[in-house]
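Quick one: structure below, then a few questions.
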Amino acid sequence: MSKQVVATKGNLMAAKRSLLQARIGYELMDRKRNILIREMVSLTEKAKELTESLEDTFADAYKALRNANILNGVITDKAEEMPVDETIELSFRSVMGIEIPEVKGGNAKTSLCYRLSDTDSSYDRAYVSFTKAKMTGLALAEIENSVYKLSVAIRKTQKRANALKNILIPTYREQVKFITAALEEKEREEFSRQKIIKATKMK
């Protein structure tokens with residue numbers, strides 16, 4: 001590709017400028033990739049902890065539900081009376097230009113929404129346990145979606161960094177080398193021609 005470039009000072013300046021921009025672009029892409037990787041690793045560790053916590057929380061919740069069913073009879077009718085949680089809100093935060101989801105709300109407060117006279121403490125424990133499971137599930141969903149988005153962004157950033165490092169930078173470097181060599185050769189030819197002209201005039 002470099003041999004197709006006309007060896008002029010203008011093209012040499014343009015090639016040097018493009019080479020500099022490609023190097024700066026690669027440094028920025030490399031820095032962005034490293035920041036995204038650190039963020040993803042941090043979230044992956046949190047996701048692992050939450051997954052383990054969610055498994056334990058659901059195990060406790062179903063155990064509490066089983067006990068409530070045993071002590072109160074099947075409580076399906078009471079469960080269906082539970083109000084739908086409409087407090088969940090989805091927003092986003094930016095990490096190096098990547099929109100990462102944030103889940104807010106979920107009604108973490110475990111204030112009871114049923115009559116105590118109709119139930120006993122086993123029902124309360126089931127309600128509290130499932131509320132905890134819901135909040136843990138929301139937190140895990142937020143993190144898993146964030147990890148997915150970050151992984152996609154890291155792959156794109158890696159591709160761009162590789163293109164700069166392995167294609168554009170070597171191409172512009174070769175252009176600079178080719179044009180510089182061609183201009184130096186022209187200068188040597190011009191210098192030799194001037195010497196011959198001067199020698200001829202001296203004779």
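Could you list, in sequence order, all residues of the stretch 55-70 that are closer than 14 Å to SER121 by Cα and either touching a Ser or Thr at 6+ places or on another chain (Cβ under 6 Å) or outside any helix (DSSP H, G or I) (or both)?
If the condition is that a residue be closer than 14 Å to SER121 by Cα and either touching a Ser or Thr at 6+ places or on another chain (Cβ under 6 Å) or outside any helix (DSSP H, G or I) (or both), then ALA61, ALA64, ASN67, ALA68 are the ones that fit.
Moving on. Yes or no: SER121 among the small types (Gly, Ala, Ser) and at pLDDT 90 or above?
No.
Related question: Can you name the residue in the stretch 62-109 that is surrounded by 15 or more Cβ atoms within 10 Å (Cβ to Cβ) and small (Gly, Ala, Ser) and is also modelled with the highest pLDDT among such residues?
ALA64
For (1) among the β-branched types (Val, Ile, Thr); (2) surrounded by 10 or more Cβ atoms within 10 Å (Cβ to Cβ); (3) farther than 30 Å from GLY97 by Cβ, each residue gets a yes or a no:
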residue: ALA163; (1), (2), (3): no, yes, no
residue: ILE167; (1), (2), (3): yes, yes, no
residue: GLN175; (1), (2), (3): no, yes, yes
residue: THR180; (1), (2), (3): yes, yes, yes
residue: GLU189; (1), (2), (3): no, yes, yes
residue: ARG193; (1), (2), (3): no, yes, yes
residue: LYS201; (1), (2), (3): no, no, yes
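Considering only residues that are open to solvent by less than 30 Å² (accessible area, probe 1.4 Å) and of a type outside the set (Val, Ile, Thr), which ones fall in the stretch 118-150?
Residues satisfying the conditions are SER122, TYR123, ALA126, SER129, ALA133, GLY137, LEU140, SER146, LEU150.
Additional query: So which residues in the stretch 149-174 are more than 21 Å from LEU12 (Cβ to Cβ) and touching a residue at least 60 places away in the same chain (Cβ under 8 Å)?
LEU150, SER151, ALA153, ILE154, THR157, GLN158, ARG160, ALA161, LYS165
Name the pairs whose Cβ atoms lie under 6 Å apart, with the first residue in the stretch 128-140 and within 14 Å of MET82 (Cβ to Cβ), the second surrounded by fewer than 18 Cβ atoms within 10 Å (Cβ to Cβ), and 6 or more positions between them or separate chains?
So the pair list comes out as VAL128/THR110; SER129/ASP60; THR131/THR110; ALA133/PHE58.
The values are calculated or read from the model by the stated rules, or taken from the named source; none is laboratory data. None of these values were measured; they are calculated from a predicted model. Backbone-built Cβ (ideal geometry, glycine too); neighbour counts: all protein chains shown. Please note that ligands, DNA and RNA were not included when accessible areas were found on the heavy atoms of the full protein model with its side chains. Shrake-Rupley method; radii C 1.70, N 1.55, O 1.52, S 1.80 Å.
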